[in-house]
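Presented below is the structure to which this report refers.
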Amino acid sequence: MSHHTFAVHCLDCGHVEPFQLKQTTCSNCGSNWREVHYDLALTREILEQNLHTRPFDLWRYRELLPIAEYIPYLSMGEGGTPLVHAKNLGMMLGCPTLYIKDERQGPTNSFKDRQAAVAIAAMKEAGITEAVLASTGNVAISYSAYAARAGIKLWAFLTSLVPLEKMREVAIYGTKVVKVTGTYDEAKRLAAEFARQRNLHLERGACSIPSVESMKTLAFEISEQLAHYYDAEPQEKPTASPILRWKAPDWYVQSVSGGIGPLGVLKGFSELYEMGLIDRVPSIACIQAEGCAPMVAAWKSNKAVADPILAPKTHITTLSTGDPGRTYTVLRERMLNLGGGAFESVSDEETFRMIHLLAKLEGLSTESAAAVAFAGVVKLFRQGVIKANEIVVVNCTGHTMPVENLVLGDGWSTDITAPRQELETKPQEGLYGALSNLAPEKIRKIVIIDDIEDARRLLRRILQSQGEFIIREADSGKAGIQMIKEDPPDLIILDLMMPEMDGFAVLNLLQEYPNLASIPVIVVTAKELTKDEQILLRGKVKALMHKGKFMSDDLADEILEAIN
């Protein structure tokens, strides 16, 4: 392929010129806001011919990236992360088509590996040997790893609110760490001034063409992977080109700080649509931490410009960008042009609870920034914004591992204080909810009676995520009665629709035993009850919940009330 099939277009004056990394503004009007356009017809032809021979990684789509030549030795296997069917969480939400793009499996366990891989490749191609960035953690970690591989010296300005584990991870790669006592936006200003004074290349976030373009690869992979999920024989990692039958989700959901991820992903889906590879561009849902949600506030107020948050009040420091600048304006305009989307915020407490729930339901351990997206999905389902029959993909953005302090010793960072110091508040503790406070001596016994194994497993995982219980399962009404008679529990969770002995019969039989009649029963059923059936349950059950329409918190509340 000729690598001269892309050009830079100014978003303000429309001027078109070749891409050069060191040229950061439009040569015609001076705007910082430019983007790359490709010869998409030619690109489709090339991908159809070559895609099936390429490994499933980020560089599989190299013709849609602003890199003249792919540099194999810089690659560490970035991209090509799994698309996991979230069967248990989906069952809890009543959404059978919920998927997780597991970006924890990148080289440094973050989706920012995509950004770093392309940006550092562009720096190497441009002959840059020293660069500066500001970060809340994951960007600095990813860039540090790739910069080390490329032989580029890196300066990272990190707000002092960034966890020390992340700072040590940055430092271990040889990056010069500058710890700023102040907000992330202040760290950005200091980094920019440092780069200006030393005439160094500055990573400019959403104004950086390689950074935005890198995020498109998420859209490409998701569309290709979904096509295989909906084949007769799904494949985790495609090996043959399915290019004429890719599939877009209805929703793409991601936690947001500065907004570069959704901006790039939306551009990626739009390019696939223009090439005729997908039949629609999905709605984008951007989720922010409640204590630093300038985009959410602007979206809900129908404002085109977000008012900055000068003093973020969230312990999720990796999402504490108080001023998204024009990124929000561009993203909002494009989302509205494509039919909408959503911006929503979640509290720190909702996020911390989701960390526990996601680990226990899906076996995924995430950092808090990733859990924000999942807490947002729950909220959007509850609000009816996302429908149960829609295909939803959530970006699990990262899970970084700590570097032990002894590995680095002292003197691994330089501390500076920003002019406007923000006081750090003490994180709240024990935010997981009332059930997790049950002492071991108060462990309750619960019997689940349901003939469907998946339903029993989901209820078990929800219970385990909410506290300490002794849980037993019965796959029929008859087995459940025998289990209850042998060792009466503190609570029964009962399905109504079972063969031979249904839930109504179980309830009637329990009433015949004085020592069992008083055990509280929560009915969890998919059955839409008639008025007569509702009357039959009256006085016999503590609560009635419908499968696919209740959340884990709802069940926890009912359990607390029933057993206390």
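One line per residue, one yes/no per condition, for (1) within 30 Å of I355 (Cα to Cα); (2) buried (at least 18 other Cβ atoms within 10 Å of the Cβ); (3) out of contact with any helix residue (DSSP H, G or I) (no Cβ under 8 Å at 6 or more places or on another chain):
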| position | (1), (2), (3) |
| --- | --- |
| R444 | yes, yes, no |
| I448 | yes, yes, no |
| D451 | yes, yes, yes |
| A505 | no, no, no |
| S518 | no, no, yes |
| V524 | yes, yes, no |
| T530 | no, no, yes |
Restricted to segment 147-176 and to residues being surrounded by 24 or more Cβ atoms within 10 Å (Cβ to Cβ), in a strand (DSSP E or B) and among the hydrophobic types (A, V, I, L, M, F, W, C), the residue nearest to the chain's Cα centre (by Cα) is L158
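In this structure, is A375 modelled with pLDDT of 90 or more, surrounded by 24 or more Cβ atoms within 10 Å (Cβ to Cβ) and touching a Cys at 6+ places or on another chain (Cβ under 6 Å)? Write out each step before concluding.
Details: modelled with pLDDT of 90 or more: yes; surrounded by 24 or more Cβ atoms within 10 Å (Cβ to Cβ): yes; touching a Cys at 6+ places or on another chain (Cβ under 6 Å): no.
In short, no.
Return the residues of segment 146-160 that are out of contact with any Gly (no Cβ under 9 Å at 6 or more places or on another chain) and within 23 Å of S257 (Cα to Cα); say none if nothing qualifies.
Of all residues in segment 146-160, those out of contact with any Gly (no Cβ under 9 Å at 6 or more places or on another chain) come to 146, 149-152, 155-157.
Residues satisfying the conditions are Y146, W155, A156, F157.
Considering A206, A191, A187, which residue is part of a helix (DSSP H, G or I), under 18 Å from G259 (Cα atoms) and touching a strand residue (DSSP E or B) at 6+ places or on another chain (Cβ under 6 Å)? Quick ask: steps written out before the conclusion?
On the way: A206 fails: touching a strand residue (DSSP E or B) at 6+ places or on another chain (Cβ under 6 Å); A191 fails: under 18 Å from G259 (Cα atoms).
The unique qualifying residue is A187.
Here are L83, L98: which of them is in contact with a Phe, Trp or Tyr (Cβ under 8 Å, 6 or more places away or on another chain), of a type outside the set (S, T, N, Q), farther than 30 Å from V177 by Cα and buried (at least 17 other Cβ atoms within 10 Å of the Cβ)?
On the way: L98 fails: in contact with a Phe, Trp or Tyr (Cβ under 8 Å, 6 or more places away or on another chain).
The match here is L83.
Just to be sure, is R461 over 21 Å from I519 (Cβ atoms), basic (K, R), out of contact with any Gly (no Cβ under 6 Å at 6 or more places or on another chain) and at pLDDT below 80?
On the way: over 21 Å from I519 (Cβ atoms): yes; basic (K, R): yes; out of contact with any Gly (no Cβ under 6 Å at 6 or more places or on another chain): yes; at pLDDT below 80: yes.
Yes: the conditions hold for R461.
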Flagged in segment 256-311 as among the polar types (S, T, N, Q), closer than 17 Å to M215 by Cβ and in a loop (DSSP other than H, G, I, E, B), in numbering order, are S257
Exactly one of L536, L509 is modelled with pLDDT under 90 and more than 18 Å from I446 (Cβ to Cβ), and that residue is L536
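Okay, residues lined up against (1) of a type in the set (S, T, Y); (2) within 21 Å of the chain's Cα centre (by Cα); (3) more than 25 Å from P18 (Cβ to Cβ):
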| site | (1), (2), (3) |
| --- | --- |
| E193 | no, no, yes |
| Q197 | no, no, yes |
| H201 | no, no, no |
| I209 | no, no, no |
| K216 | no, yes, no |
| Q225 | no, yes, yes |
| H228 | no, no, yes |
Per the list (1) crowded, with 16+ Cβ neighbours inside 10 Å; (2) more than 30 Å from E390 (Cβ to Cβ), residue check on M92 breaks on (2)
Point to revise | Test for Q534: is it under 41 Å from the mean Cα position of the chain (by Cα), more than 20 Å from L458 (Cα to Cα) and not in a loop (DSSP other than H, G, I, E, B) | key: yes
Within segment 378-401, of all residues that are within 26 Å of I141 (Cα to Cα) and not hydroxyl-bearing (S, T, Y), the one modelled with the lowest pLDDT is M401
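The values are calculated or read from the model by the stated rules, or taken from the named source; none is laboratory data. No experiment lies behind these values; they were computed from the predicted model shown. We place every Cβ from the backbone using ideal geometry, glycine too, and count neighbours over all the protein chains shown.
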